[in-house]
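The values are calculated or read from the model by the stated rules, or taken from the named source; none is laboratory data. A quick note: this is a predicted structure, and the numbers were derived from the prediction, not measured. Positions of Cβ are backbone-derived with ideal geometry, glycine not excepted, and every protein chain shown enters the neighbour counts. For accessibility, only protein heavy atoms count, side chains too; no ligands or nucleic acids. Shrake-Rupley method; radii C 1.70, N 1.55, O 1.52, S 1.80 Å.
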Amino acid sequence: MQNIIDRFISYVIIDTESDANSETTPSTNKQWNLANKLVEELKAIGMEEVTIDDKAYIMATLPSNVDHKVPTIGFVSHFDTSPDFCGANVKPQVITNYDGKDIILNAEKNIVLSPNYFKDLLQYKGQTLITTDGLTLLGADDKAGITEIVTAMEYLVKNPDIKHGKIRVGFTPDEEIGRGANHFDVEKFGADWAYTMDGSQIGELEYENFNAAGAKITFKGKSVHPGYAKGKMINSMLIANDFINKLPIDETPETTKGYEGFFHVHHLKGSIEETVLELIIRDHSKKKFEKRKKLIEKITRKINKKFAKQFGEDIVIAEIKDQYYNMKEKVLPVKHIVDIAEKAMKEIGIKPLIKPIRGGTDGSQLSYKGLPCPNIFAGGHNFHGKYEYVPAESMQKAVEVIVKIAELTAIEKQVNK
């Protein structure tokens, strides 16, 4: 297991934070540092057809070692980290034989990872945890996934007695800003199906995710001296506040779970003359998703009508853009690919946790591009922040799941079922 820990740490200490405001791919030049390292590492462990394109998309092949016809499967992860929290100067801490008590991440700043707040910690008592130092995120999302894929491929190369079909590996930039699959060449990848190793706790297996849209709403106003403003001033910030208050108060991220959708206001910046509100819309149900978008439009029309005479033109401008859709629609017709992953977990003693993703994944976009792609756990917890951690044992089990999926896919009766 030490090789997994060492490999993971060698990845997370490389800053690969992506940038949603950049128009390049990858969105940050520093992502190339890990991308180029991965290319050399894939070659070193014996992978074939290792390529990297001008946008840093990496692909590699482990050839089949069976004589009969076997589907080509793939495993995909992303190497960028979220811009939501600092990803530079990551200093991982390795906690061996975790005792179930508070972990001091940073004594000077009194930053503590506590099971009193993060109760999932207790299920890893006695295991080896890798944490942050309290000043950065860790990057287990998704450098744990990359670690697991590379380690599994290395294991299969070194153990040719384990039978498997052709396996394709893909590593992408910019997943954290929703662009991971934008330039992924599905035809070049050439797999019948794939799995993203990008889930959270051990056992997670997901083939449903949110339908997602982003909305940018601009509110106009008129600035007048406040002493003489009666009937003249229009404060765009107050209109924005009125707009927010018209959204369902109990349909936010902090009040929903499971299949429940939400509106999430994440940026608000304004002055009297102009305020810009940014929010995201999420729902597993396509019908409810469309209804949510229509509510945004309805509120916009209502406010515009209210101020039509006084302002003389639309005072609210709403721009709504779809981001990704629920992969369930594309995976259900080939549900056996989920069944294989579930069987793989059970055969190595893992209880599958099949549940919807309350978020997105490269697998969603890839599924709609013709590559059905369920999501499997990578092992980490508390992504995108200073409390992020990953049990080394979970990464080890993810490696075993990859190897077992490869084995199961190569069994003739399994393939021709």
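Summary table
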read-out: Separation of the residue 322 and residue 182 label points, Cα + 7 Å toward Cβ, nm; value: 1.8
read-out: Loop sites in the stretch 1-102: trypsin sites (Lys or Arg not before Pro), DSSP, at most 15 other Cβ within 10 Å; value: 69, 101
read-out: Set of the stretch 154-189 residues, backbone N closer than 15 Å to the point 7 Å along the Cα-Cβ line of residue 10; value: 154-155
read-out: Protein accessible area in the chain, 1.4 Å probe - carbon and sulfur %; value: 49
read-out: Trypsin sites (Lys or Arg not before Pro) within the stretch 119-183: DSSP coil, no more than 16 neighbouring Cβ in 10 Å; value: 125
read-out: Sites excluded, GluC sites (Glu not before Pro) in DSSP loops with at most 12 other C-beta within 10 Å, longest stretch of the chain; value: 109-312
read-out: Gain in span if fully extended, residue 291 to residue 104, counting 0.36 nm per residue against the direct Cα distance; value: 62.8 nm
read-out: Per residue, in Å², the accessible surface of the chain once ligands and nucleic acids are set aside, probe 1.4 Å; value: 46
read-out: Taking the chain and dividing mean pair separation by its residue count, relative contact order in percent (alpha carbons under 8 Å, at least six apart); value: 24
read-out: Stretch in the chain that is longest and holds no chymotrypsin sites (Phe, Trp or Tyr not before Pro) that DSSP places in a loop and that have at most 16 other beta carbons within 10 Å; value: 260-417
read-out: Structure-based [θ]222 nm, the chain - -39500 (n - 2.57) summed over DSSP H runs of at least 4, per residue, nearest 500; value: -9500 deg cm²/dmol
read-out: Among (i) 18.8; (ii) 23.0; (iii) 20.6, the entry that matches mean projected area of the Cα convex hull in nm² as calculated here; value: (ii)
read-out: Charged-residue dipole, Cβ positions (Lys, Arg, Asp, Glu), the stretch 144-244 about Cα centre, Debye nearest 20; value: 920
